[in-house]
Amino acid sequence: MDEPAPSAASSRFTPEQQKRGMRSAMAAQCFGALGFLVFSGAPLMLLYCNRLGLSSTAILIYLSLNSIIQGLFMVPAAFFVDRVGLKRGGMPGLVLGTTGFTLSALAGTFDAPLCNILLAAGISTYAFGMALFTGCWFALMQGIVPPERRGRFFGLLRFTWQAVGLVFGWLCAFVLAEDSPLIVFQLLVGVVALGQGLRIPFVARIPEVKRERSAEPRETMLTALAEVIRAPGYSAFCCYVFLLTLFTAVVPNLFNLVELKHLDWNDASVAWMGNLLMIGAFVGFFIGGPGIDRLGTKAIFLIAHFAYGLLMFAYLLRDQVPFPAPQYIGALYFLFGVVQAGSATAISTEMLALMPRGRPALASALCVAMQMGGQALANLLSAWMLKLGFLRDEWNFMGQRMCSYDALVLLCAVMVVLLVVALGLVPSVIRKAETTWMQTDSHR
């Protein structure tokens, strides 16, 4: 949620206004990124759900709510925001995001079923708010970031909010103990809620270009969406993103469940693994960009497929290697973060190259919605398989005792390697598209 599509119209702001807008955008993302990271990097929400006494199946379902809601409402929200105006449509999403994490923090104060209801309502409220805000974010950034500065600005932006997330992850690891009281988790979730609230005034300071509406007055969302889908290669690429996410996004959650339920690690140890994942993402973002420039997106995707499979399989060998399990697993988390960041950079690059120029907000929302859909379905399918007992609670693999979560990791490892054949869905027209945009920008 940090890279917009190329702008179709030149900015109408002075350089000083652009600088102030970019500073506000960076501060806003630093505060707001905590909400995103506790679902995808730092395992705080997973640990919180576990501390509330939820089963593994319930944890996966609750964590999937964020992806389900965003996946369902991302495209309609983008169309709505484009209709009513960027800030007018997107700013209420920040209020909803703050409310969502506040409800989640308060959930631990009550007993079931009220606790479960508040937690589900909080996650859903946050997710709906982020669907609205994402609909305005990409287009809002187009007006304040000059085309010639986009690479540097968004690289620095990503680095900065990742650093803030890592500091927060370290805080969680230091605060959490062997058997942390519930109030500690509630306070940490409350810090995330505070961050969502502090984001609001900074976004309010970002100037908004008053653009002509891209949709005709009588045009429907389906008509606009059909135009995006007809863009050469874009719908096929979105399908590929969905498949890749389906068998990779749930894996860190499965790792966490293995460590909590099977290896009997404490909360702090699991939190430190999340930090190593984010550190790996730092490295992946640094080497991903140059790697794409040198090799192209298809090569990066190909490397990612086999690297994902190898790392998942290596996780299953944790008792077979001559290294202490925490250090060995920590190294795998770091490498997994590198691969995740590299493939995410390739996805963003290919998306920006393929999306139709006339509808950047709707096109980017479609791709993000497919990612969210893959993540949600992965969590739901894993929860369903655990709930119905399709997998044995204990089984042997190369002489070591494994659990049902390991079986899901093995399934993901096999499927992500087999999905190499889906690379045919990636057109990889990066340089051609970027050359066209540069020529268009140069004539403004």
**Message:** Need the failing condition index for A353 against (1) of a type outside the set (V, I, T); (2) crowded, with 19+ Cβ neighbours inside 10 Å; (3) part of a helix (DSSP H, G or I); (4) modelled with pLDDT of 80 or more, just the number.
**Reply:** (4)
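Do we find that M312 is in contact (Cβ under 8 Å) with a residue 40 or more places away in the chain, within 27 Å of Q70 (Cβ to Cβ), assigned to a helix (DSSP H, G or I) and touching a Cys at 6+ places or on another chain (Cβ under 8 Å) in this structure? Outline the logic, then answer.
Numbers: in contact (Cβ under 8 Å) with a residue 40 or more places away in the chain: yes; within 27 Å of Q70 (Cβ to Cβ): yes; assigned to a helix (DSSP H, G or I): yes; touching a Cys at 6+ places or on another chain (Cβ under 8 Å): yes.
Answer is yes for this residue.
If you scan segment 257-266, which residues turn out to be in a helix (DSSP H, G or I) and either surrounded by fewer than 24 Cβ atoms within 10 Å (Cβ to Cβ) or in contact with a strand residue (DSSP E or B) (Cβ under 6 Å, 6 or more places away or on another chain) (or both)?
Narrowing segment 257-266 to residues in a helix (DSSP H, G or I): 257-262.
Residues satisfying the conditions are V258, E259, L260, K261, H262.
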**Prompt:** Is it true that some residue in segment 279-302 is among the aliphatic types (A, V, I, L, M), within 18 Å of A413 (Cα to Cα) and free of Cβ contacts under 8 Å to residues at least 60 places away in the same chain?
**Reply:** yes
**In segment 313-353, the residues that are of a type in the set (F, W, Y) and touching a helix residue (DSSP H, G or I) at 6+ places or on another chain (Cβ under 7 Å)** = F313, Y315, Y333, F334, F336
**Request:** For segment 241-252, name all the residues that are crowded, with 21+ Cβ neighbours inside 10 Å and in contact with a Phe, Trp or Tyr (Cβ under 9 Å, 6 or more places away or on another chain).
**Result:** L244, F247, T248, V251
**Prompt:** Within segment 12-23, is there a residue that is under 27 Å from M370 (Cβ atoms), out of contact with any Ser or Thr (no Cβ under 8 Å at 6 or more places or on another chain), small (G, A, S) and at pLDDT 85 or above?
**Reply:** no
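Sort through A224, A215 and tell me the only one that's under 19 Å from F73 (Cα atoms), surrounded by 11 or more Cβ atoms within 10 Å (Cβ to Cβ) and at pLDDT 80 or above. Quick ask: steps written out before the conclusion?
Working: A215 fails: at pLDDT 80 or above.
Criteria check complete, one pass: A224.
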**Request:** Just name the residue that is nearest to Y48 (Cα to Cα) out of those in segment 172-193 that are surrounded by 15 or more Cβ atoms within 10 Å (Cβ to Cβ) and free of Cβ contacts under 8 Å to residues at least 60 places away in the same chain.
**Result:** V184
**Those residues of segment 26-63 which are modelled with pLDDT of 90 or more and either part of a loop (DSSP other than H, G, I, E, B) or over 25 Å from G337 (Cα atoms) (or both), in sequence order** = R51, L52, G53, L54, S55, A58
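Does L72 satisfy being under 18 Å from the mean Cα position of the chain (by Cα) and surrounded by fewer than 20 Cβ atoms within 10 Å (Cβ to Cβ)?
Values: under 18 Å from the mean Cα position of the chain (by Cα): yes; surrounded by fewer than 20 Cβ atoms within 10 Å (Cβ to Cβ): yes.
Considered against the rule, which asks whether it is under 18 Å from the mean Cα position of the chain (by Cα) and surrounded by fewer than 20 Cβ atoms within 10 Å (Cβ to Cβ), L72 comes out as yes.
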**Prompt:** Can you tell me which of S348, S343 is closer than 30 Å to M141 by Cβ, among the polar types (S, T, N, Q) and either surrounded by 21 or more Cβ atoms within 10 Å (Cβ to Cβ) or modelled with pLDDT of 90 or more (or both)?
**Reply:** S343
**Request:** Examine segment 296-311 for a residue that is closer than 21 Å to V164 by Cβ and either β-branched (V, I, T) or at pLDDT below 95 (or both), and state whether such a residue exists.
**Result:** no
**Request:** Considering only residues that are surrounded by fewer than 16 Cβ atoms within 10 Å (Cβ to Cβ) and modelled with pLDDT of 85 or more, look in segment 112-167 and name the one that is nearest to G21 (Cα to Cα).
**Result:** A163
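The values are calculated or read from the model by the stated rules, or taken from the named source; none is laboratory data. If you're wondering where the values come from, they're calculated on a predicted model, not measured in any experiment. Using ideal geometry, Cβ is built from the backbone for each residue, glycine included, and neighbour counts are taken over all protein chains shown.
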